[in-house]
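The values are calculated or read from the model by the stated rules, or taken from the named source; none is laboratory data. As the structure is a computational prediction, the values presented were derived from the model and not from experiment. All Cβ positions, glycine included, derive from the backbone under ideal geometry; neighbour counts span all protein chains shown.
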Amino acid sequence: MAIVEVAIPVPLNKTFDYLCDVEVAVGTRVRVPFIRKKVIGIVLGNKDKSEVDNLKSVEEVLDDVPILDKPILDFLFWSAKYYHHPIGEVISAALPKNLRLGKEAKIKKVTGLSIDTEKPDYKITDEQSHAIDEILKAQNSYHGFLLHGVTGSGKTEVYLNITQTILDQGKQVLVLVPEIGLTPQMITRFESRLETRVVAIHSQLNETQKLDAYLMAKNGEAGVVLGTRSAIFAPIPNLGLIIIDEEHDGSFKQQSSFRYSARDLCFIRAKQANIPLVLGTATPSLEMLKNVLDKKITRLILAKRAGGAIMPKVSLIDMRQHFDGLLSTLLIEKMKQYLSKGKQVMLFINRRGYAPVYYCKECGWKAECGRCDSGMIYHRHINRLKCHHCGDEKMPEHTCPECKQPSLEVLGYGTERLEETLSSHFSDTPIIRIDRDTTRRKKAFGEHLKQINSGEPCIIVGTQMLAKGHDFSNLAMVGILDTDAGLLSLDFRATEHLAQLLIQVSGRAGRNKEQGEVVIQTRYPDHPIFNYVLSSRYTQFASQLLKQRSSALLPPFSHQALLCANAKNKQMAEDFLREAAGLLKSIQIDVVEIWGPVANIIEKKSDYYYFNLYLQSNDRKALHQMLSTFNEHIDTLKLKNKVRWYLDIDPIE
């Protein structure tokens, strides 16, 4: 009998050997016994002998044709090695659920071809034409391009042009977007222009749809595979180009279980397939700007808005002089002017719920979550206090639990309270609120977008979901409220993220012929960040940040890893990391610094205490060598099985 090596989705850095009476190709799914249950694994190789006696046998071979080909397996092996994550779990994360459950790899419903494709009714600009030519020159070799175009400069038009050329050669294209909310808009644009099948891969599809999209990418029926971060693992045999839209966006990083960055992995996938990679954004991440400086990628600039639209004018309202609650009188006046001209207005506030603080004005008591180190947010429409970290809910008290006085009030604003305040000022104007609470229903987001795209005057209230990529043709004014938290954050990336957010949100205004306006309310109008945002000088601001990071030796001038431990017993989490730090120091690689353990910014979440150990080095190879050695000796740690722990490579939080 032959021996096969099988990867099983368990948190162990090893594979398992089984006997098999038939020849099985690498990349095929098999059903095997594991401890007391049957599991689905992937065959990684055939062996003549095993180091283990009394091998169990494969119970069933599930595929005639391997589900994973060699290129995708090589890519998954690289990912597992770089992120120091068990290969079985990495492969499992890359497969749709129905394949993990052992269901048949068969397409239920083929996505139709778009029948009537249309040609654009405008001419591409010289900048766009130059970008298209440069990218296509590299079409049969690996080369990275940063497509740095101001908001509304027509980056999508560049994507569509290069995609069509690649499709004409019988190849496939992978397009990644950061948010599910952007996928329908992108799919519509690609389907209406390209004569090919466009399939979507993201978490809001049902399992059958996900499997169909996966298999159509695998068999080459889909010319374009468009999705959120998990689409990076789709098997695309004739891959000719990878496009990442809004490359600066944090959503490309998976923040649980297998913590990979889809943006970073795109470089490896493009290199392995020997194809060009295009990263588009109006606000490049510092990592990509450093890659440009190091001549690892080429920057192509689109400095003008497409179709003759001009950049919006940006102004500040000093809230120290105009304090009238959340909305200054000046802002309300400006909103009235635009609405009276039949235009749309958008207000951005990055906090959902009604109010972030529910407190007693007599004694200062505050509603806190019993399971986390955070306050409870008041949600008025359901009359509940909610924790946005663990999801815990409770009814609000009527009298203060401390001083028993009926003096409880709310403080601060969320989207819900802003919507209520606006309806008192603008009783005749429709108000569309877009946040996680109003878009829970499957088609709710699409319905909201349809209402906005009708062009009727309205006020749009939203969180970060609205900051990215959306193209609202009649939106003339954007108001940005409550940005100051980003200036006071402990995170060294906070000002970079704030500048990106301000410019991205501002970019939604005036995408038509008429100039739009952006109004930012702040208590710190003299902060240097506003100077750059007001004059659309993001690159200069980013250059200043790069200098600061360089002198502080922070990423992207160094490489980080984070070892996080959490346990219900606070001491246990801290002790495990002390033990881990001892093991890491004994490896004796001097160029790696080890800091901690320190408590997480939110120390307690869902009854678990979180502690972190940070590793940093300007030598990436040395850092990974240390982590590999650490993983080999992890079983020597006494507390390893007493706590939950994970390793995060290149953390962004």
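Before we move on, is ASP482 surrounded by fewer than 18 Cβ atoms within 10 Å (Cβ to Cβ), within 22 Å of ARG433 (Cβ to Cβ) and in the same structural domain as LYS343 (by TED's automatic domain parsing)? So ASP482 fails the test. Taking each residue of the range 444-458 that is more than 14 Å from ILE180 (Cα to Cα) and looking for partners that are assigned to a helix (DSSP H, G or I) and among the β-branched types (Val, Ile, Thr) with beta-carbon atoms closer than 8 Å, six or more apart or interchain, yields CYS458/ILE452.
Within the range 488-506, does at least one residue satisfy the condition of being assigned to a strand (DSSP E or B) and in contact with a helix residue (DSSP H, G or I) (Cβ under 7 Å, 6 or more places away or on another chain)? No, there is no match, as no residue in the range 488-506 is assigned to a strand (DSSP E or B) and in contact with a helix residue (DSSP H, G or I) (Cβ under 7 Å, 6 or more places away or on another chain). If only residues of the range 136-180 that are of a type in the set (Val, Ile, Thr) and touching a Ser or Thr at 6+ places or on another chain (Cβ under 8 Å) are counted, the one that is farthest from GLN204 (Cα to Cα) is VAL150. Selection of helices (runs of 4 or more DSSP H) fully inside the range 132-229 by the criterion of at least 2 residues being touching a helix residue (DSSP H, G or I) at 6+ places or on another chain (Cβ under 7 Å) and within 30 Å of ARG508 (Cβ to Cβ) returns 155-168, 183-193. The combined condition, being assigned to a loop (DSSP other than H, G, I, E, B), more than 28 Å from LEU647 (Cα to Cα) and of a type outside the set (D, E, K, R), is not fulfilled by VAL30. Figure legend. Inter-residue proximity from the range 1-26: first residues in contact (Cβ under 8 Å) with a residue 12 or more places away in the chain and surrounded by fewer than 16 Cβ atoms within 10 Å (Cβ to Cβ), second residues hydroxyl-bearing (Ser, Thr, Tyr) and in a strand (DSSP E or B), beta-carbon distance below 8 Å, spacing 6+ or different chains. Indicated pairs: MET1/SER57; LEU19/SER57; ASP21/SER57. Close contacts from the range 85-99, counting a first residue that is over 15 Å from VAL6 (Cα atoms) and a second that is of a type in the set (Lys, Arg) and crowded, with 22+ Cβ neighbours inside 10 Å, with Cβ to Cβ under 9 Å and a gap of 6+ residues or different chains, come to LEU95/ARG29; PRO96/LYS210; LYS97/LYS210; ASN98/LYS210; LEU99/ARG29. In this structure, ASP121 does satisfy being outside the structural domain of PRO235 (by TED's automatic domain parsing) and either on the phi > 0 side of the Ramachandran plot or out of contact with any helix residue (DSSP H, G or I) (no Cβ under 8 Å at 6 or more places or on another chain) (or both). Among the residues of the range 409-439, those identified as within 26 Å of the chain's Cα centre (by Cα) and not aliphatic (A, V, I, L, M) are TYR413, GLY414, THR415, GLU416, ARG433, ASP435, ARG436, ASP437, THR438, THR439.
The set of residues in the range 604-653 that are in a strand (DSSP E or B) and in contact with a Phe, Trp or Tyr (Cβ under 6 Å, 6 or more places away or on another chain) comprises TYR614, ILE649.
Based on what the data block shows, is TRP595 buried (at least 17 other Cβ atoms within 10 Å of the Cβ) and outside the structural domain of LEU302 (by TED's automatic domain parsing)? Considered against the rule, which asks whether it is buried (at least 17 other Cβ atoms within 10 Å of the Cβ) and outside the structural domain of LEU302 (by TED's automatic domain parsing), TRP595 comes out as no. Conditions first: (1) touching a helix residue (DSSP H, G or I) at 6+ places or on another chain (Cβ under 9 Å); (2) exposed (fewer than 14 other Cβ atoms within 10 Å of the Cβ); (3) in a strand (DSSP E or B). GLU409 passes all but one, so which condition is the exception? Condition not satisfied by GLU409: (1). Note on the range 35-44: residues that are modelled with pLDDT under 95 and either surrounded by 15 or more Cβ atoms within 10 Å (Cβ to Cβ) or not basic (Lys, Arg) (or both) amount to 1. Of note, ARG320 satisfies the criterion of being of a type outside the set (A, V, I, L, M, F, W, C) and touching a Lys or Arg at 6+ places or on another chain (Cβ under 6 Å). All conditions but one from (1) part of a loop (DSSP other than H, G, I, E, B); (2) touching a Ser or Thr at 6+ places or on another chain (Cβ under 6 Å); (3) closer than 29 Å to LEU647 by Cα apply to VAL43; the one that does not is (1). If you scan the range 397-443, which residues turn out to be within 23 Å of LEU182 (Cβ to Cβ) and either touching a residue at least 60 places away in the same chain (Cβ under 8 Å) or outside the structural domain of SER340 (by TED's automatic domain parsing) (or both)? THR415, ASP435, ARG436, ASP437, THR439, LYS442 - these are the residues of the range 397-443 that are within 23 Å of LEU182 (Cβ to Cβ) and either touching a residue at least 60 places away in the same chain (Cβ under 8 Å) or outside the structural domain of SER340 (by TED's automatic domain parsing) (or both).
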